[in-house]
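**Q** My structure is below; once you've seen it, I'll send some questions.
Values in this text are rule-based calculations from the coordinates and carry no lab data. Note that this is a predicted model, so its numbers are computed, not measured. Virtual Cβ from ideal backbone geometry, glycine too; neighbours counted across all protein chains shown.
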Amino acid sequence: MSKKADAMSCTHSRADRLNAAPRCHAKSKRSGFQCQAPAVRGKKVCRIHGARAGAPTGERNGNYRHGANTNEARALAAQARILKGISRDFLTTLSEAMAAD
């Protein structure tokens with residue numbers, strides 16, 4: 001046998017690779033069956049069910065405006081609200097303690 005024949009016999013066809021690929025995890029609303037399309041490499045769903053979906057985050061997105069509603073800004077605002085509540089409680093107890101004296 002030649003080297004070329006050995007190489008051809010051990011390679012798998014494209015159909016074999018697709019059959020061995022992991023399947024999409026999306027389910028149909030109508031039938032309830034799982035999608036049978038091969039999942040995109042590194043994802044749990046196929047290209048039809050959103051494996052490539054999503055826009056870039058931050059300023060790379062074409063719809064980005066000013067950043068006031070980003071996850072970081074919301075987390076910072078939540079921390080500010082917590083600190084405001086703590087300081088309000090502290091000042092209330094301090095004023096009550098001074099009034100009692």
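**Q** Please identify the chymotrypsin sites (Phe, Trp or Tyr not before Pro) of region 8-101 that satisfy two criteria: DSSP loop assignment and at most 10 other Cβ atoms within 10 Å. Which are they?
**A** Numbers: sites: 33, 64, 90; in loops: 33, 64.
Those that pass, being in a loop and sparsely packed, are 33.
**Q** Between residue 72 and residue 44, what FRET efficiency follows from the Cβ-Cβ distance if R0 is 41 Å, with the result rounded to 0.05?
**A** Numbers: r = 27 Å, r/R0 = 0.66.
About 0.90, to the nearest 0.05.
**Q** 5 Å is the cut-off here: which amide hydrogens, built 1.01 Å from N in the peptide plane, fall below it relative to residue 47, excluding neighbours closer than 5 in sequence?
**A** So residue 47 has HN proximity to 40.
**Q** So what's the net charge close to residue 95: Lys and Arg +1, Asp and Glu -1, counting the other residues with Cβ under 14 Å from its Cβ? List each step's numbers first, then the result.
**A** On the way: positive: 88; negative: 89, 96, 101.
Counting the neighbours of residue 95, the net charge comes to -2.
**Q** Return, for the Cα atoms of region 11-50, the radius of gyration and Dmax in Å, separated by a comma.
**A** In Å, with Rg to one decimal and Dmax whole: 11.2, 39.
**Q** Limiting things to C-alpha atoms, what are the Rg and the maximum Cα-Cα separation (Dmax) for the chain, in angstroms?
**A** Over the chain's Cα set, Rg and Dmax evaluate to 29.2, 103 Å.
**Q** Next up: Taking amide hydrogens as modeled 1.01 Å from N in the peptide plane, which residues meet the under 5 Å criterion relative to residue 23, leaving out close sequence neighbours?
**A** 39
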